[in-house]
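**Q** Below: one structure in structure tokens.
What follows is calculated from the coordinates using simple rules that are stated; it is not laboratory data. In this text the structure is predicted, and so the values were computed from the model without any measurement. Using ideal geometry, Cβ is built from the backbone for each residue, glycine included, and neighbour counts are taken over all protein chains shown.
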Amino acid sequence: MRRSHYYLLGLLAVAVLLVSAVILNPSSDFTGTDDSGSDVINDVDPDYEPWFESIWEPSGELQTLLFTLQAAIGALIIGYFIGTNRAHKERGDG
Amino acid sequence: MEGFLSLEWALFWTVVSAPFVVYGFYRVRRIIKEDPAQRTMLALSGAFIFVMSSFKLPSVTGSSSHPTGTGFSTMFFGVGVTSVMSLIVLIFQALLLAHGGLTTLGANVFSMGIAGPFVAYAAFRAMTKVRVPTPAKVFITVFLADVFTYITTAVQLALAYGPFLSSLTSFLAVFAITQIPLGIVEGILFTIFVDYLERARPDLTERILPRRVADEA
């Protein structure tokens, strides 16, 4: 098997893991574990009151934007790295 | 989870994490000053943590959670540097996204940047000693860095909300089980990237992953 086939197989496994999560839980809204964690705290210690609130909480839409921004910052660096590698290789000085 | 750790616990985890972060800053400064090749790897390490921890991925348990992305940094730089990277991402998420939180920052740096990477780094060193092949080594290291972060979170919460053992079971059920498939996803992605990197830029990886004899022949 060629190396690129292993890569594809790996990516396929990733896709299967993520898609099966959705298929196996058709009615789930995929609450974040941070939220369900807070629910467990309420079960274990119903009297606990959080003593500090977030200074600022973005709305749902804005949150998506900011998470995307975070991903984009990282992806830009990784993409720049792969791109410069490729350019060096094509010029034959890599 | 802002405000969910009492002031005592928040302070405790901050104090425990601080020395690692201070040492990490010192390491980061030296790397930036001294070694351009390492600088590139440092940038990649941080970039991966930014990307991976921004994703919220669905898990077979029906909840979703964030991967940590810390395995790469752990492998190449160890615990101190990874704690600094985690701190930066956690501050970004606490201030801009109301995720994680400022009062829980110390505890989160400890689980994501110290405890998870520590277990993963120990495993990485052990596997290097007994010559585990690189792909398996990368996969296991990344998986452990991810899953142990959330096991640590469960332990931290169980300590704060006892009785310890019964709470631990509840918290592990939420955090650890959900995280296993995500750890596998993250493990596969990094195994592919490190394999690519070893081929494309062996000069960057050979400090940690020595060139294989078969490749030189």
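**Q** Based on Cβ point charges of +1 for Lys and Arg and -1 for Asp and Glu, what charge dipole magnitude is obtained for chain B about its Cα centre, in debye rounded to the nearest 20?
**A** 440
**Q** Along the charge dipole of the stretch B:7-208, which of B:P58, B:A107, B:L168 sits closest to the positive end, that is, farthest toward it, with unit charges on the beta carbon of Lys, Arg, Asp and Glu (+1, +1, -1, -1)?
**A** B:A107
**Q** Let me ask another. Which order do A:L8, B:L172 fall in if you start with the one that has the fewest other Cβ atoms within 10 Å?
**A** A:L8, B:L172
**Q** Let me ask something else about it. Any idea what angle helix B:116-129 forms with the longest principal axis of chain B, computed on alpha-carbon atoms, 0 to 90 degrees, nearest 10?
**A** The helix B:116-129 is inclined about 30 degrees to chain B.
**Q** Only sites in a loop by DSSP and with at most 10 other Cβ atoms within 10 Å count here; which chymotrypsin sites (Phe, Trp or Tyr not before Pro) in the stretch A:35-94 make the cut?
**A** A:W56
**Q** What fraction of the Cα pairs in the protein assembly as shown, stated in percent, has a spacing above 31 angstrom?
**A** 29
**Q** Another question, if that's okay. Can you check how the C-alpha radius of gyration of the stretch B:7-208 compares to 2.2 N^0.38 Å, as a plain ratio?
**A** Expressed relative to 2.2 N^0.38 Å, the Cα Rg reads 1.00.
**Q** To make sure I understand, if each residue's beta carbon is the centre and we count other beta carbons within 10 Å, what order do B:I32, A:I23, A:I78 fall in, fewest to most?
**A** By the 10 Å Cβ count, ascending, the order reads A:I23, B:I32, A:I78.
**Q** Would you mind computing, in nm to one decimal, how far apart the modelled labels at B:R211 and B:R131 are, each placed 7 Å from Cα along Cα→Cβ?
**A** 1.9
**Q** Here is a follow-up. Hey, in the GNM for chain B with a 10 angstrom Cα cutoff, which one of B:T68, B:T152, B:T205 fluctuates hardest?
**A** Per the Cα network of chain B with a 10 Å cutoff, B:T205 tops the list.
**Q** For each of B:V109, B:V174, B:V22, count neighbouring Cβ atoms within 10 Å of the residue's Cβ, then give the residues from fewest to most.
**A** Ranked by crowding around the Cβ, least crowded first: B:V22, B:V174, B:V109.
**Q** Give me the net charge for the shell around B:S166: Cβ to Cβ below 13 angstrom, other residues only, Lys and Arg +1, Asp and Glu -1.
**A** Local net charge: -2.
**Q** Still on this structure: Quick check: the angle from helix B:79-97's long axis to the longest principal axis of chain B, C-alpha only, nearest 10 degrees?
**A** Tilt of helix B:79-97: around 50 degrees.
**Q** Identify, among A:N42, A:G74, A:F30, the residue whose Cα sits farthest towards the positive end of the charge dipole of chain A, taking +1 on the Cβ of Lys and Arg and -1 on the Cβ of Asp and Glu, with the dipole about the Cα centre.
**A** Of the candidates, A:G74 comes out farthest on the positive side.
**Q** Quick check for me: using +1 on Lys/Arg Cβ and -1 on Asp/Glu Cβ, what's the dipole size of chain A about its Cα centre, in debye to the nearest 20?
**A** About 1440 debye.
**Q** Continuing with the same structure: Cα axis of helix B:36-54 to longest principal axis of chain B: angle in degrees, 0 to 90, nearest 10?
**A** So the helix axis and the longest Cα principal axis differ by about 40 degrees.
**Q** Scan around A:G32 for amide H atoms under 5 Å from its own, H built in the peptide plane at 1.01 Å from N, and keep only partners 5 or more places away or cross-chain.
**A** Answer set, sorted by chain and number: B:S64.
**Q** Oh, and also: Where is the GNM fluctuation largest for chain B (alpha-carbon springs, 10 angstrom cutoff): B:S17, B:S166, B:S83?
**A** Sorting by GNM fluctuation, first place goes to B:S166.
**Q** Rounded to the nearest 20 debye, what is the charge dipole size of the protein assembly as shown about its Cα centre when +1 sits on each Lys and Arg Cβ and -1 on each Asp and Glu Cβ?
**A** Roughly 1880 debye for the protein assembly as shown.
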